[in-house]
Amino acid sequence: MISLLSQYEHIADGLATGGYAIVDDFLSLSEVNSILATEEFGNALDQFRKAGTGQDRQINATIRGDYIQWLDRRSASHEVTVYLKKLEGLLVFLNRALFLSLKDFEIHKTVYPSGAHYERHLDQFREHDHRRLSIICYLNVGWEERDGGQLRLFLPAGPFDIYPQAGRLVCFRSNALEHEVLPATRNRLSITGWILDQLVELRHLS
């Protein structure tokens, strides 16, 4: 496994050259399993809420079929905090490497039930455009291509599919890359969020 610093460098290089980056083993298998063993992930479909679309969070399962639970960093479990500390380090590194003026991040836990999808979209809202980077870490142990559930990025050269394997981190520019989530044949788990150019508490007041 490469060092965390090398992973940060790989992410910065990918964002600078193509607008996205993929890092395997951002979380180790043991770290993934520890997160999956927490109560909230063990009962995700019972505890998470149906996700909405747009700034007004309208529920429309024909567009988006996942369930989410927003994460409060002050009360996050130790297992999830391991991941959050890595994100804090990434934010600092990207500011130094790419001069992005990033300030904070917001995160939710996510489950796509078997067969659920999310249609092609951008992550940045028109009026509140503080999302700079989208960042996803997958928690799906033993995932195979036949399980589906790809994240499809719409790159200038054409669609590019990424499978949601355990520990894999995907980071891309929120305002530049449209993407979609394809249906899977099993539940698909991740920790999903955005790195912002504004503090979270200020964003929710705006």
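Taken together, the values in this text are just the output of simple stated rules run on the coordinates, not laboratory data. Because the structure is predicted, anything quoted here is derived from the model rather than measured. With ideal geometry, Cβ positions are generated from the backbone for all residues, glycine too; neighbour counts draw on all protein chains shown.
For the stretch 74-147, run through the chymotrypsin sites (Phe, Trp or Tyr not before Pro) and keep only the ones in DSSP coil with at most 10 other Cβ atoms within 10 Å of their Cβ.
Those satisfying the criteria are Phe99.
Tell me the relative contact order for the chain as a rounded percent, counting alpha carbon contacts under 8 Å between residues six or more apart.
Taking the mean separation of contacting Cα pairs over the length of the chain, I get 27 percent.
So, in nm, how far is label Ser77 from label Glu145 when the simple model puts each one 7 Å beyond its Cα toward the Cβ?
3.3
Fewest to most neighbouring Cβ within 10 Å: what's the order for Asp197, Asp161, Asp46?
Asp46, Asp161, Asp197
What ³J(HN,Hα) values, in whole Hz, does the Karplus curve 6.51 cos²θ - 1.76 cosθ + 1.60 give for the stretch 19-33 when θ = phi - 60°, with x put for Gly and Pro?
Couplings: x, 7, 8, 10, 10, 7, 6, 4, 10, 6, 4, 5, 5, 4, 5 Hz.
Cut-off 10 angstrom, C-alpha nodes, Gaussian network model of the chain. Which of Phe172, Phe160, Phe26 fluctuates the most?
Fluctuation is largest for Phe160.
FRET efficiency for Gln124 and Ala37, Cβ-Cβ distance as r, R0 = 35 Å, nearest 0.05?
E between Gln124 and Ala37, to the nearest 0.05, is 0.55.
If you split all Cα-Cα distances of the stretch 79-141 into 5 Å bins from zero, what percentages do you get per bin, shortest first?
Histogramming the stretch 79-141 at 5 Å steps yields 3, 12, 20, 23, 17, 16, 7, 2, 0 percent.
The stretch 9-114: which trypsin sites (Lys or Arg not before Pro) are DSSP loop and have at most 12 other beta-carbon atoms within 10 angstrom?
Answer in residue order: Arg57, Arg74.
Report Rg (one decimal) and Dmax (nearest whole number) for the stretch 4-205, counting Cα atoms only, units Å.
Here Rg and the maximum Cα pair distance are 15.8, 43 Å.
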